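This report concerns only the one structure given below.
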């Protein structure tokens with residue numbers, strides 16, 4: 001889809017000058033003092049909203065209307081898409097959260113329940129109910145689970161709502177909402193070593209709870225687990241089929257007729273589909289798929305249909321045959337809704353599409369939700385890369401291309417999330433989450449982005465991408481959500497040769513940041529566990545895979561960002577620790593506490609002989625000799641989803657986010673600043 005960004009939208013703003021905040025010889029994590037402001041020499045050009053789309057994260061068919069929950073939009077909202085007219089006919093805004101992943105309807109079809117995801121414990125409701133008989137009235141918050149994020153909902157035949165999800169650092173619980181009592185109750189934690197629950201289904205007598213370690217895996221975290229909760233006795237029983245136990249997590253659970261269908265997310269093995277007898281879960285069959293995820297099962301009575309990372313597939317319950325679902329429509333990308341009714345599959349695609357598939361003749365009708373009346377608005381963003389012609393910004397199932405010559409913005413489709421992106425000779429390269437590998441797009445050739453290289457499925461979360469000019473390699477720092485630790489990917493665009501070096505720092509540390517100079521890769525480690533050093537810097541020969549040296553950093557948290565200037569390596573940690581390493585003597589020569597400017601994640605880039613950093617709140621630069629930090633743009637407050645990004649074009653102009661808008665920053669500091 002295309003969204004124009006008129007030239008008239010771009011405006012020039014004069015930013016206040018730099019404000020020095022740190023002394024050159026700041027002691028280890030000492031608080032830095034402000035200095036006098038310099039002359040204003042910073043020009044900011046507003047390039048308009050970075051990404052505009054109706055981004056979504058859930059879909060559910062109720063009657064003749066598909067209800068869809070938004071993703072990373074403000075405000076979080078629900079819409080109703082009417083199938084007979086193919087129009088958006090209703091909407092409601094919710095009062096908290098950033099995304100809606102969980103939807104469920106009560107047995108009468110009157111009430112729609114929605115569970116939201118939040119970035120922090122806001123103390124507000126995360127469970128909402130919308131009266132579909134009066135869709136003009138707003139949804140109301142009916143309660144809150146202590147597990148901050150609700151990932152899945154189910155409504156039992158008696159109207160009781162069950163919710164599961166998670167919060168970092170706690171094992172997920174099963175929660176119940178009784179509409180008559182109006183209260184949310186914690187029913188217990190069946191698996192104390194699980195890190196996240198994403199599946200729940202309910203009958204009159206039993207609730208099925210699916211969990212595992214899709215996030216924060218590794219160590220002693222649990223793998224896929226399925227528990228049956230006896231509603232009368234209030235007890236949990238482990239009913240996990242042994243064949244599923246190597247997968248990191250149960251992804252979906254659904255009661256379809258007289259069957260309980262359970263699917264998993266894969267990692268070191270492909271994902272599985274299990275069909276159980278809900279009255280006797282020990283009676284089951286398991287099918288191994290070729291996909292890395294199986295989700296959203298639905299059925300026509302003879303076949304079970306499900307979504308994978310490579311399209312829709314079906315499972316014949318009589319023969320056990322698994323085959324692709326044939327239809328004449330487009331690539332679906334991530335599928336967030338899949339329902340069957342009257343010989344038609346209704347698919348809600350992360351590309352902002354509703355696709356109706358006729359299973360008899362394999363035809364389809366495709367509707368773009370934006371054109372059908374869904375509210376298109378700015379989305380929070382991810383990776384960012386710029387050259388003198390284009391700026392690319394990654395989001396959910398989209399990469400926005402901004403043309404600097406005319407201001408036009410084009411939304412390109414790419415499944416998952418472009419966590420980081422890089423431009424080389426005008427061609428875009430991306431690290432795609434989850435487990436999508438590296439994708440590419442050549443503006444000169446047109447079309448859409450396509451997959452360039454796959455990497456081990458368990459090495460699923462690319463975090464930082466840079467190009468090694470000496471070895472002609474892309475270097476990608478990666479986290480393994482399911483197994484712990486991480487890897488360094490390398491890819492040679494001229495030859496197509498690739499490699500994945502697993503756990504190059506240690507078994508606990510992901511490779512959160514990568515920088516390169518003179519053919520050496522510098523890896524910044526981040527350890528989410530309590531075992532071993534919190535953050536380690538490793539110098540590596542990326543061709544031979546040979547470690548050259550390492551430093552366990554004298555800081556309490558792991559590395560968030562790295563940048564090289566001359567013979568010095570600059571680094572920022574996840575909580576505002578700043579360090580400089582002299583690459584000739586291989587020692588940390590400077591540290592400072594920048595939590596006032598950089599309270600969390602950060603990114604850095606070298607431009608015009610200076611290293612710049614951006615946090616969620618502020619754009620700043622470092623003095624090349626004293627390392628003193630100066631504010632360039634205060635309260636920039638970029639609307640990032642998974643940490644800020646910054647890039648520079650060949651002329652040294654910087655690009656990052658200010659609120660939901662992409663901005664170009666031409667900064668020319670005085671020599672003394």
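The values are calculated or read from the model by the stated rules, or taken from the named source; none is laboratory data. None of these values were measured; they are calculated from a predicted model. Cβ sites come from the backbone with ideal geometry, for glycine too, and all protein chains shown count toward neighbours.
Quick notes on this structure:
- Number of residues in the stretch 180-198 that are over 14 Å from residue 223 (Cα atoms) and modelled with pLDDT of 95 or more: the value is 6.
- Qualifying residue in the stretch 343-352 (condition: touching a strand residue (DSSP E or B) at 6+ places or on another chain (Cβ under 9 Å), farther than 24 Å from residue 55 by Cβ and in a loop (DSSP other than H, G, I, E, B)): yes
- Residue count for the stretch 621-648 under the criterion of being crowded, with 20+ Cβ neighbours inside 10 Å, within 27 Å of the chain's Cα centre (by Cα) and farther than 23 Å from residue 419 by Cα: the result is 1.
- Any hit, the stretch 450-459, residues being over 20 Å from residue 429 (Cα atoms) and either in contact with a strand residue (DSSP E or B) (Cβ under 8 Å, 6 or more places away or on another chain) or free of Cβ contacts under 8 Å to residues at least 12 places away in the same chain (or both): no
- Residues that are touching a strand residue (DSSP E or B) at 6+ places or on another chain (Cβ under 6 Å) and assigned to a loop (DSSP other than H, G, I, E, B), drawn from the stretch 492-535: 492, 504, 505, 509, 533, 535
- Residue tally, condition in contact with a strand residue (DSSP E or B) (Cβ under 6 Å, 6 or more places away or on another chain) and within 20 Å of residue 646 (Cα to Cα), over the stretch 412-437: 14
- Single residue of 444, 373 found to be farther than 24 Å from residue 488 by Cα, touching a residue at least 40 places away in the same chain (Cβ under 8 Å) and over 21 Å from the mean Cα position of the chain (by Cα): 373
- Of the residues screened, residue 614 is one that is under 21 Å from residue 463 (Cα atoms) and either modelled with pLDDT of 95 or more or surrounded by 21 or more Cβ atoms within 10 Å (Cβ to Cβ) (or both).
- When the stretch 505-527 is filtered for residues that are farther than 24 Å from residue 647 by Cβ and surrounded by fewer than 22 Cβ atoms within 10 Å (Cβ to Cβ), the ones remaining, listed by number, are 506, 507.
- Residue count for the stretch 243-300 satisfying the condition of being surrounded by fewer than 17 Cβ atoms within 10 Å (Cβ to Cβ) and on the phi > 0 side of the Ramachandran plot: 1.
- Tally of residues being in contact (Cβ under 8 Å) with a residue 40 or more places away in the chain, more than 17 Å from residue 512 (Cα to Cα) and under 26 Å from the mean Cα position of the chain (by Cα) across the stretch 562-598: 1
Residues checked against (1) closer than 12 Å to residue 208 by Cβ; (2) touching a helix residue (DSSP H, G or I) at 6+ places or on another chain (Cβ under 9 Å):
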{"position": "255", "(1), (2)": "yes, no"}
{"position": "262", "(1), (2)": "yes, yes"}
{"position": "276", "(1), (2)": "yes, no"}
{"position": "287", "(1), (2)": "no, no"}
{"position": "292", "(1), (2)": "no, no"}
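- The single condition among (1) part of a strand (DSSP E or B); (2) farther than 15 Å from residue 98 by Cβ that residue 138 does not satisfy is (1).
- Of all the residues in the stretch 645-670, those that are closer than 22 Å to residue 609 by Cβ and in contact with a strand residue (DSSP E or B) (Cβ under 8 Å, 6 or more places away or on another chain) number 17.
- Considering the conditions (1) outside any strand (DSSP E or B); (2) under 21 Å from the mean Cα position of the chain (by Cα), residue 336 is excluded by exactly one of them, (1).
- Qualifying residue in the stretch 296-312 (condition: closer than 23 Å to residue 448 by Cβ, in contact (Cβ under 8 Å) with a residue 12 or more places away in the chain, part of a loop (DSSP other than H, G, I, E, B) and under 32 Å from the mean Cα position of the chain (by Cα)): yes
- Qualifying residue in the stretch 217-234 (condition: buried (at least 22 other Cβ atoms within 10 Å of the Cβ), in contact with a strand residue (DSSP E or B) (Cβ under 6 Å, 6 or more places away or on another chain) and modelled with pLDDT under 95): no
- Residue check for residue 416: in contact (Cβ under 8 Å) with a residue 60 or more places away in the chain, under 22 Å from residue 69 (Cβ atoms) and part of a strand (DSSP E or B): yes
- Residue check, residue 89 assigned to a strand (DSSP E or B), in contact (Cβ under 8 Å) with a residue 40 or more places away in the chain, within 28 Å of the chain's Cα centre (by Cα) and on the phi < 0 side of the Ramachandran plot: no
- Whichever residue in the stretch 238-259 is more than 17 Å from residue 193 (Cβ to Cβ) and in a strand (DSSP E or B) and, among such residues, is farthest from the chain's Cα centre (by Cα): 259
- Tally, over the stretch 108-123, of residues that are part of a loop (DSSP other than H, G, I, E, B), more than 16 Å from residue 67 (Cα to Cα) and touching a strand residue (DSSP E or B) at 6+ places or on another chain (Cβ under 7 Å): 1
- Filter result (farther than 13 Å from residue 50 by Cβ, in contact (Cβ under 8 Å) with a residue 12 or more places away in the chain and surrounded by fewer than 19 Cβ atoms within 10 Å (Cβ to Cβ)) within the stretch 649-671: 650, 651, 652, 666, 668, 670
- Of the set (1) more than 16 Å from residue 218 (Cβ to Cβ); (2) crowded, with 24+ Cβ neighbours inside 10 Å, all apply to residue 486 but (1).
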